[in-house]
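Note sheet for the following structure.
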Amino acid sequence: MKRTFSYWEREEWLQKPDLLIIGAGIVGASVALFYKEKYPESDVLIVDKGIVPEGASTRNAGFTCIGSISEHLADINIAGKEVVLKRIERRWNGLRLLRKTMGEDAIDYNHTGGYEIFTDSELFESCRNQLHEMNHRLYESLGIKDVYSETKYEGYPSIFNHVEGAINSGKLMKNLHKRLAFAGVRVWWNTAVKSVENGSVLFNDDFELEAGKTVIATNGFTSQLLDLPIKPARGFVFITKPVQDLKWKGTFNHDAGYVYFRNVENRLLLGGARNLAKEEETTAQFGTNPKIREYLINFANNTLKLPKGWELEMEWSGIMGVTENKEPIVRE
C-alpha cells in the first residue's frame with residue numbers, strides 16, 4: 001500500500017528540494033557543504049539508507065594517504081604513469097582541502113608519516129629503484145621534496161612516506177554532519193532509494209520526490225541505481241584490545257596497499273587482504289570472509305609478531321566502490 005502524507009508534511013517537509021543528494025558519506029556530505037556555502041538560500045536534502053553513513057566513510061581504517069610505492073607501481077601497470085601521477089596529485093590536494101575545511105582538531109589529525117614494509121625482497125628492490133624518479137615527479141607536481149625514503153622498521157626493509165597521517169573517521173563524519181546541520185542541510189536517515197529517473201527519486205516505500213538537481217554519491221552501491229562500471233569491494237577490518245608495548249606506531253601498508261594497519265590508542269587496527277579473494281569480495285553485502293580473517297590473524301602473529309595472548313576487540317567490514325583503473329567517475 002502506497003504511503004500517504006498529511007497536509008503539514010507535504011507543505012513543510014516534502015517540498016521539492018533544490019538539491020537532493022543520495023548518500024550521506026564523505027562525498028555526499030561534502031557536496032552538500034560546498035553547495036550550501038555557494039548557494040546559502042538553497043534547500044539541500046541528503047538521504048541515506050543507513051542510520052549512519054555506513055558504506056565506507058565510517059568503516060575505514062582512518063588513513064590520510066596518497067599511496068605506497070608498490071601500490072603506485074601496480075596501478076601504473078593498469079592505468080599508465082601519467083594517470084597515476086595525476087591521481088596522487090588529486091589525493092594530496094583533497095587531503096589538504098579536508099584539513100583546511102574541517103580543521104585538524106575536528107578530525108583528530110595526526111601527522112604520523114606512513115611506512116610500507118616488505119617481506120618480498122624482489123618487490124622491495126623494484127620499489128627502491130623507483131624512489132628517485134617518483135620523488136622527482138612528485139616534487140614537480142606537489143612541490144614537496146623527497147616524499148619517499150628508504151628505511152627499516154622492526155627489522156623489515158621499508159619505504160617511509162613523510163606526508164601521510166591518520167584521522168578518526170567517525171569524528172570526521174560526526175563533525176561534518178554537525179556543520180551540515182548548522183548550515184541548514186536536511187538529512188533523512190534510514191531512507192533507502194529504489195530508483196532515480198529524470199530527476200525523480202523513488203524510495204523503497206514507493207514515495208516519490210522530485211528535485212531541482214540530484215547527486216548520486218553512493219560509491220560502492222552505485223550499480224544498484226545506475227548502469228555505471230563501478231563495482232562494490234568489501235574490506236574487512238579488526239581492532240585488538242590494548243596491547244602492552246605495541247611496537248607499531250603510525251600508519252603502515254604492505255603488499256601493494258592491500259594490507260594496512262595502524263596504532264589506535266595502543267590497539268592494533270588491521271585490515272585488507274581483499275586481493276586473496278577478489279571475486280568473493282566484489283559484493284555489497286556486509287560480512288566476513290573466513291579466509292581473509294585467518295590470513296590477517298596470521299599476519300598479526302607471524303609478520304607483526306604481536307605478543308602472545310593478544311585479543312580481538314571487534315571486527316567489521318566496509319563497502320568501497322572501485323572502477324577498472326581506479327579512476328573516479330564524476331559526470332552528469
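Got a sec? Which of L95, L85 is open to solvent by less than 20 Å² (accessible area, probe 1.4 Å), without any contact (Cβ under 8 Å) to a residue 60 or more places away in the chain and on the phi < 0 side of the Ramachandran plot? Reasoning before the result, please.
Working: L95 fails: open to solvent by less than 20 Å² (accessible area, probe 1.4 Å).
Residue meeting the stated conditions: L85.
The set of residues in region 258-285 being in a loop (DSSP other than H, G, I, E, B) and open to solvent by less than 20 Å² (accessible area, probe 1.4 Å) consists of A273 alone. Pairs only if they're at least six apart or on different chains, beta carbon under 8 angstrom, first in region 14-40 and farther than 17 Å from F221 by Cβ, second of a type in the set (S, T, Y) and open to solvent by 80 Å² or more (accessible area, probe 1.4 Å); list them, first residue then second. Sorted first by the residue in region 14-40, then by its partner, the pairs are D18/Y39.
Picking from E164, E208, which residue would you name as being modelled with pLDDT of 95 or more and charged (D, E, K, R)? First the steps, then the outcome.
Working: E208 fails: modelled with pLDDT of 95 or more.
After ruling out the rest, the residue left standing is E164.
Open to solvent by 20 Å² or more (accessible area, probe 1.4 Å), of a type in the set (V, I, T) and outside any strand (DSSP E or B): does that describe T288? The answer is yes for T288. Only a single item in (1) over 15 Å from the mean Cα position of the chain (by Cα); (2) in a strand (DSSP E or B); (3) of a type in the set (V, I, T) is not met by V330, and it is number (2). Listed by first and then second residue, the pairs with beta-carbon distance under 8 Å, at least 6 apart or on different chains, first residue in region 290-310 and touching a residue at least 40 places away in the same chain (Cβ under 8 Å), second in a helix (DSSP H, G or I), are I292/R274; I292/L276; I292/A277; I292/E281; L306/A300; W310/A300.
Within region 162-170, can one find any residue that is on the phi > 0 side of the Ramachandran plot and open to solvent by 60 Å² or more (accessible area, probe 1.4 Å)?
In the first step, residues of region 162-170 are kept if they are on the phi > 0 side of the Ramachandran plot; the result is none.
No - not one qualifying residue is present in region 162-170.
Please verify whether region 171-190 includes one or more residues that are within 18 Å of D255 (Cα to Cα) and in contact (Cβ under 8 Å) with a residue 24 or more places away in the chain. No: region 171-190 contains no residue that is within 18 Å of D255 (Cα to Cα) and in contact (Cβ under 8 Å) with a residue 24 or more places away in the chain. Within region 109-127, can you find the residues that are open to solvent by 50 Å² or more (accessible area, probe 1.4 Å), touching an Asp or Glu at 6+ places or on another chain (Cβ under 9 Å) and under 13 Å from Y156 (Cβ atoms)? Residues satisfying the conditions are T119, D120, L123. All of (1) buried (at least 21 other Cβ atoms within 10 Å of the Cβ); (2) under 24 Å from G250 (Cα atoms) hold for A106 with one exception: (1).
Inside region 191-242, residues that are without any contact (Cβ under 8 Å) to a residue 60 or more places away in the chain, assigned to a strand (DSSP E or B) and open to solvent by 20 Å² or more (accessible area, probe 1.4 Å) make up a count of 5. Only residues that are surrounded by 22 or more Cβ atoms within 10 Å (Cβ to Cβ) and among the acidic types (D, E) were counted in region 34-74, giving 1. Selection over region 243-257 of residues that are assigned to a strand (DSSP E or B) and open to solvent by less than 10 Å² (accessible area, probe 1.4 Å) gives a count of 2.
In region 4-33, what residues are open to solvent by 80 Å² or more (accessible area, probe 1.4 Å) and over 22 Å from R331 (Cβ atoms)? Step through it out loud before you land on a result.
Quick first cut of region 4-33, residues open to solvent by 80 Å² or more (accessible area, probe 1.4 Å) only: 4, 7-8, 10-13, 15-16, 27.
Answer for region 4-33, where residues must be open to solvent by 80 Å² or more (accessible area, probe 1.4 Å) and over 22 Å from R331 (Cβ atoms): T4, Y7, W8, R10, E11, E12, W13, Q15, K16.
The values are calculated or read from the model by the stated rules, or taken from the named source; none is laboratory data. Given the structure is predicted, the values throughout are model-derived calculations rather than measurements. A quick note on method: Cβ atoms are made from the backbone with ideal geometry, for glycine too, and the neighbour counts reach across all protein chains shown. The area values use the complete protein model at the heavy-atom level, side chains included, leaving out ligands, DNA and RNA. Shrake-Rupley method; radii C 1.70, N 1.55, O 1.52, S 1.80 Å.
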